[in-house]
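Engineer: Have a look at the structure that comes next, please.
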2 protein chains.
Amino acid sequence: MSSGRKKSFDEDTALNAAMDVFWQKGYVGASLTDLTKRMGINKPSMYSAFGNKESLFIKATQCYIETKMKPHVELLFEEDVSLKQRLKNHMMSIVTMQCDSEQAQGCYLVLCQSELVSGDIPEQAESILKEADVMPIQLYTELFTSDIESIELGLNKNAQANGLALYTMLKGTASMARSGIDKSTLEYSIDRILAGIGLH
Amino acid sequence: MSSGRKKSFDEDTALNAAMDVFWQKGYVGASLTDLTKRMGINKPSMYSAFGNKESLFIKATQCYIETKMKPHVELLFEEDVSLKQRLKNHMMSIVTMQCDSEQAQGCYLVLCQSELVSGDIPEQAESILKEADVMPIQLYTELFTSDIESIELGLNKNAQANGLALYTMLKGTASMARSGIDKSTLEYSIDRILAGIGLH
DNA sequence: CTTAAACTATACCGTTAGGTACAATTTATT
DNA sequence: AATAAATTGTACCTAACGGTATAGTTTAAG
């Protein structure tokens with residue numbers, strides 16, 4: 001084992017704290033003081049553990065995608081559940097997360113993607129945010145294209161557009177959640193968009 | 001007439017330029033250098049004309065509401081147009097604006113409202129942003145409650161929820177527009193949410 | 001028990017943030 | 001022409017930004 005003083009903090013815990021700060025303030029709005037204070041460490045510890053603000057952000061973003069987004073995906077492919085119910089479960093699982101987070105509401109990705117237009121986001125951070133914006137569209141398009149029930153209902157005809165409609169609504173609920181609208185209120189909107197694409 | 005040197009710039013033009021910067025970068029992200037450069041003036045001129053960054057922002061926000069949002073409202077109350085078509089015209093008018101802006105895409109208000117959670121927005125700016133977030137809900141609720149065709153269709157039963165569903169979708173299109181999704185693509189989503197609340 | 005590696009704390013770096021003092025300039029009034 | 005009011009440009013203020021040098025502390029290995 002390598003010698004030397006041991007870390008007095010858990011990297012994963014610190015990363016999660018950083019994620020919360022970016023979730024609350026975005027990339028530009030999150031200062032190193034905000035970050036290190038919530039991570040419970042000081043700047044040199046942060047720089048030695050994560051590199052710099054940008055690479056901390058990239059790791060926090062990957063952490064968000066893995067732990068906060070991907071878990072909702074499997075709900076789309078549960079067996080013995082109707083397409084409508086799978087989509088409802090999936091979307092409400094996301095909306096629940098958007099509304100549940102104690103301080104930082106909404107969606108981390110929606111917030112940070114909105115900063116891209118400013119031109120103040122570094123290159124690699126921009127890349128990962130743009131990639132993350134494409135994934136859901138591919139996911140929904142693939143679902144509507146291949147799912148048996150989707151094909152039976154003819155939803156495969158407009159697979160991408162249907163997926164985009166759901167994704168657009170989820171971006172809307174993210175924004176609404178950030179404004180303090182609660183889950184039960186947003187559920188109605190989810191039901192309406194599902195009905196709108198033909199899933200009554 | 002009062003004596004003294006004359007302003008070398010048009011206040012309204014400068015205010016519109018400031019609006020564009022806030023639209024692109026949000027309140028926190030827009031620096032005085034960004035602002036004054038695009039306004040074509042220097043800092044003392046800006047401070048004497050508008051007070052400070054916060055009051056410039058408040059005036060820019062009021063300008064946005066008056067010139068960019070309110071014009072869409074009248075489309076909701078045109079005579080001899082069906083409720084569905086009025087809502088479609090209204091929403092597509094907004095989506096067109098969200099997509100048209102050359103650099104700053106999306107919605108100024110959605111962008112800046114997302115900054116509220118950070119706690120870095122001054123008091124009065126926070127107030128006007130929160131007020132602006134309530135107005136559309138009231139507008140749609142009133143429409144669904146009072147409109148004859150809405151009552152005939154039973155949409156008045158869930159007036160507020162229906163209004164919220166439309167508003168949520170428009171916040172979603174704002175986010176999508178900022179990611180570069182074009183108007184014709186978003187039109188499908190508008191059609192789907194209208195169908196979803198019963199306007200086929 | 002020394003050594004060297006790794007981590008922590010403090011203090012600091014240059015830059016930019018929002019905001020202002022002040023002198024120079026332009027204008028209408030006297 | 002002289003004056004007073006208003007605007008402009010420059011130069012500057014303090015505070016906070018992202019980032020780092022360095023000295024001190026803790027730890028495993030020799």
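Engineer: With a cut-off of 15 Å, note down the residues of the range B:1-26 whose backbone N falls inside the zone around a label point 7 Å from the Cα of B:Asn42 toward its beta carbon.
Structural biologist: The answer is B:8-9, whose backbone nitrogens lie closer than 15 Å to the label point.
Engineer: If you put +1 on each Lys and Arg Cβ and -1 on each Asp and Glu Cβ, how big is the dipole of the protein assembly as shown around its Cα centre, in Debye rounded to 20?
Structural biologist: Result for the protein assembly as shown is approximately 1260 debye, rounded to the nearest 20.
Engineer: To continue, here is another question. Taking both sides together, what accessible area is buried at the B/A interface, probe 1.4 Å, expressed in Å² and rounded to the nearest 100?
Structural biologist: Interface between B and A: roughly 3000 Å².
Engineer: Where the accessible area of chain B is counted over protein heavy atoms with a 1.4 Å probe, how much of it, in %, is carbon and sulfur?
Structural biologist: 48
Engineer: To continue, here is another question. Over chain A, what is the mean sequence separation of C-alpha contacts under 8 Å (at least six apart), divided by residue count, expressed as relative contact order in percent?
Structural biologist: RCO, chain A: 22 percent.
Engineer: So, one more: Once the whole set of protein chains is in place, how much accessible area is left on A:Ile58, using a 1.4 Å probe, in Å² to the nearest 10?
Structural biologist: We get 30 Å² for A:Ile58.
Engineer: Moving on to the next point. Taking the solvent-accessible surface of protein heavy atoms with a 1.4 Å probe, what is the per residue accessible area of the protein assembly as shown in Å²? Walk me through the numbers on the way to the answer.
Structural biologist: Details: 18510 Å² over 400 residues.
Value for the protein assembly as shown: 46 Å² per residue.
Engineer: Would you mind classifying the range A:11-196 by shape? Square roots of the alpha carbon gyration tensor eigenvalues, ordered a ≥ b ≥ c; an a/c under 1.5 is rounded, otherwise it is prolate if a/b is larger than b/c and oblate if not.
Structural biologist: Prolate.
Engineer: For the Cα atoms of chain B, what angle does the longest principal axis make with the long axis of helix B:11-29, in degrees from 0 to 90, nearest 10?
Structural biologist: Once rounded, one gets 70 degrees.
Engineer: While we're here: Provide the per-residue ³J(HN,Hα) series for the range A:137-153, in order, calculated from phi with Karplus coefficients 6.51, -1.76, 1.60 and θ = phi - 60°, each as a whole number of Hz, with x at glycine and proline positions.
Structural biologist: In residue order, the calculated couplings are 5, 4, 4, 5, 4, 4, 4, 5, 6, 9, 4, 4, 5, 4, 5, 4, 7 Hz.
Engineer: For chain B, the longest stretch holding no GluC sites (Glu not before Pro) located in a DSSP loop with at most 10 other Cβ atoms within 10 Å is which? Could the numbers behind the result be given before it?
Structural biologist: Working: sites that count: B:Glu79, B:Glu102.
That gives B:103-200 as the longest site-free run.
Engineer: So what's the gap between the Cα centers of the range B:88-161 and the range A:1-42, to the nearest angstrom?
Structural biologist: 36
Engineer: Putting +1 on Lys and Arg Cβ atoms and -1 on Asp and Glu Cβ atoms, find which of A:Ile128, A:Leu75, A:Gly51 reaches farthest to the positive end of the dipole of the range A:11-196.
Structural biologist: A:Gly51
Engineer: Can you tell me how the protein assembly as shown classifies by the Cα gyration tensor, rounded, prolate or oblate, using a/c under 1.5 as the rounded cut?
Structural biologist: Judged from the Cα gyration tensor, the protein assembly as shown comes out oblate (a/c at least 1.5, b/c at or above a/b).
Engineer: Label-to-label distances across copies for B:Val73, with labels 7 Å out along Cα→Cβ, in nm, shortest first?
Structural biologist: 4.5
Engineer: If I model a spin label at A:Phe77 and A:His200 as a point 7 Å from the Cα along the Cα→Cβ vector, what separation in nanometres do I get?
Structural biologist: 3.2
Engineer: Let me ask something else. For the pair B:Val134 and B:Phe9, how long in nm is the line joining their label points, each one 7 Å along Cα→Cβ?
Structural biologist: Label at B:Val134, label at B:Phe9, 3.4 nm between them.
Engineer: I would also like to ask the following. Measure off 7 Å from each Cα along the Cα-to-Cβ vector at A:Tyr188 and A:Asn52, then give the distance between these two points in nanometres to one decimal.
Structural biologist: Modelled inter-label distance: 4.9 nm.
Engineer: Note the angle between two axes, namely the Cα long axis of helix B:159-178 and the longest principal axis of the Cα atoms of chain B, as a number of degrees from 0 to 90, rounded to the nearest 10.
Structural biologist: Here the helix axis deviates by roughly 50 degrees.
Engineer: On a 0 to 90 degree scale, rounded to 10, what angle separates helix B:183-196 from the longest Cα axis of chain B?
Structural biologist: Helix B:183-196 sits roughly 40 degrees off the main axis of chain B.
The values are calculated or read from the model by the stated rules, or taken from the named source; none is laboratory data. Only a predicted model underlies this, so the values are computations on that prediction, with no experimental measurement involved. Glycine also receives a Cβ, built like all others from the backbone with ideal geometry; neighbour counts cover every protein chain displayed. All accessible areas refer to the heavy atoms of the entire protein, side chains included, with ligands and DNA or RNA removed. Shrake-Rupley method; radii C 1.70, N 1.55, O 1.52, S 1.80 Å.
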